[in-house]
Amino acid sequence: MSENLKSLEEEEMYWYERSHETWLLQGDNNTSYFHKCANGRKRKNNIISLEKDGCMIEGDENLLKHASEYYSDMFGPPIEYNVQLDPTLWEGLSSVSDEENALLCRPFSETEIKEALGEMEKKQGCRTR
């Protein structure tokens, strides 16, 4: 019996979340009018077609392809520029030795981390607990 009540409560919550209407609280829940409103909201929020450059894009597959391309263009990798540095630019400058490189690549020690955090506290003027 409790499974049925739980199931009914879940269904009511589902329809309530879909409705986003205050009249549910006023006793108008689970009527045909309520279901029409909830389903109408779903239909209203569906994208059936889009227009790009005067052409209509329709169909789920075409809409998905268009949206994917649009956002890939907007947020995708930047345009690559063919900029090359002159290799002779670095000649005559000292470089890192193998020993210095090994020192720079080693893992941080606990002491170094504590010191860095201590410096941060001093610069910010506050203490952590």
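Key figures
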{"quantity": "Qualifying residue in segment 45-64 (condition: among the acidic types (Asp, Glu), free of Cβ contacts under 8 Å to residues at least 24 places away in the same chain and under 30 Å from residue 11 (Cα atoms))", "calculated": "yes"}
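Per-residue answers, yes or no, for (1) surrounded by fewer than 10 Cβ atoms within 10 Å (Cβ to Cβ); (2) under 30 Å from residue 47 (Cα atoms); (3) among the aliphatic types (A, V, I, L, M); (4) modelled with pLDDT of 80 or more:
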{"position": "61", "(1), (2), (3), (4)": "yes, yes, no, yes"}
{"position": "64", "(1), (2), (3), (4)": "no, yes, yes, yes"}
{"position": "72", "(1), (2), (3), (4)": "no, yes, no, yes"}
{"position": "75", "(1), (2), (3), (4)": "yes, yes, no, yes"}
{"position": "78", "(1), (2), (3), (4)": "yes, yes, no, no"}
{"position": "86", "(1), (2), (3), (4)": "yes, no, no, yes"}
{"position": "106", "(1), (2), (3), (4)": "yes, no, no, yes"}
{"position": "123", "(1), (2), (3), (4)": "yes, no, no, no"}
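This table checks each residue for (1) of a type in the set (Ser, Thr, Tyr); (2) under 25 Å from the mean Cα position of the chain (by Cα); (3) in a helix (DSSP H, G or I).
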| site | (1), (2), (3) |
| --- | --- |
| 63 | no, yes, yes |
| 68 | yes, yes, yes |
| 73 | no, yes, yes |
| 79 | no, yes, no |
| 94 | yes, no, no |
| 101 | no, no, yes |
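The values are calculated or read from the model by the stated rules, or taken from the named source; none is laboratory data. Just so it is clear, the structure is predicted and the values come from calculations on it, not from any experiment. Backbone-built Cβ (ideal geometry, glycine too); neighbour counts: all protein chains shown.
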